[in-house]
Amino acid sequence: MAATKKLASFRLPPLPTVGELIKLYNLRAEKQLSQNFLLDLRLTDKIVRQAGCLNDAHVCEVGPGPGGITRSILNAGAADLLVVEKDSRFIPGLKLLSEAAPGKLRIVHGDILTYRMDRGFPTHISKAWDQDPPNLHVIGNLPFSVSTPLIIKWLENVANRTGPFAFGRTRLTLTFQKEVAERLTASTGSRQRSRISIMAQYLCTVHSCFTIPGRAFVPKPEVGQRSLI
């Protein structure tokens, strides 16, 4: 019980804001990578709360970028946070967060589409498929360019019980472009209904949490709003 309270009360020490880190390392969102940053920690906290209780949890964050959601995950009490970031420009800022949270943050400089997440966490956290989900969460603000191929890959992993689902019914908390989210959650008879709707709803329990307005991102995305699922 004491350990749980300690994790729950963990807070990062004073650090440069995400906006200050972007200026410090001269970071710019790359249009070809569909990058859009979330700087408001109240919003990133709200996203992380949708994942449920993260006390003593293992978490994989997809594409942390400058680390806004990363900070919220650490402050929520995650014991082990693995971040997978393809863009080398963000690694120095993530290392700063790792130093501020000793033993809690691991950084993988790589592509989430090829990363073997089944090797990223200890096997003892695994749960049988018919048991409760493992204390493992996947969280991420997915760039538009990677969201559809990544969710298709994960749906294949669910079917085969591989990748993040080698540990059991791992929970995903992800942002998508609003149009992609609408396809994932589209009901029978909806104009948005598609093969990905059927696959996602057959293999997973899918629901939309809330919509994030485009103005919340820096820069504001050309494709409009995003939704959290």
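Nothing in this text is a laboratory measurement; each read-out follows from the coordinates by a stated rule. Given the structure is predicted, the values throughout are model-derived calculations rather than measurements. As a convention, Cβ positions derive from the backbone with ideal geometry for all residues, glycine included, and neighbour counts pool all protein chains shown.
By the helix-only formula, in which each DSSP H run with n ≥ 4 contributes -39500 (n - 2.57) and the sum is divided by residues, the chain has a 222 nm mean residue ellipticity of -9500 deg cm²/dmol. Mean-square fluctuations from a GNM of the chain, with a 10 angstrom spring cutoff on Cα atoms, peak among T17, T170, T188 at T188. Tally the DSSP beta bridges in the stretch 38-228 and give the antiparallel ones as a percent, rounded to 5. Counting only bridges with both partners in the stretch 38-228, antiparallel ones make up about 25 percent.
Find the relative contact order for the stretch 72-185 and round it to a whole percent, using C-alpha pairs within less than 8 Å whose residues are 6+ positions apart. Rounded, it is 24 percent for the stretch 72-185.
For the residue pairs K46/K178; K104/K178; K46/K95; K95/K178; K23/K153, the alpha carbons lie more than 29 Å apart in K104/K178; K95/K178; K23/K153. Among the chymotrypsin sites (Phe, Trp or Tyr not before Pro) found in the stretch 127-223, those both in a DSSP coil and sparsely packed, with 13 or fewer other Cβ atoms within 10 Å of their Cβ, are W129.
Highest mean packing comes first when the peptides 63-69, 190-196 are listed by Cβ atoms within 10 Å, giving 63-69, 190-196. What residue among K86, K23, K127 has the largest mean-square fluctuation in a Gaussian network model of the chain, using Cα springs under 10 Å? Most flexible of the set in this elastic network: K23.
Oblate is the label for the stretch 106-229. Its Cα gyration tensor axes, ordered a ≥ b ≥ c, give a/c of at least 1.5 and b/c at or above a/b. Annotation: the residues M199, M117, sorted from fewest to most other C-beta atoms within 10 Å of their own C-beta, follow the order M199, M117.
Taking the chain as a Gaussian network of alpha-carbon nodes connected by springs under 10 Å, the highest mean-square fluctuation of the residues I47, I152, I91 belongs to I152.
Relative contact order for the chain: 19 percent, from Cα pairs under 8 Å spaced at least 6 residues apart, divided by residue count.
Of the options (i) 18.7; (ii) 18.0; (iii) 17.2, only one is Kirkwood radius over Cα pairs in Å as computed from these coordinates, and that is (ii).
Centroid-to-centroid, using Cα positions, the stretch 131-159 and the stretch 43-91 are 15 Å apart.
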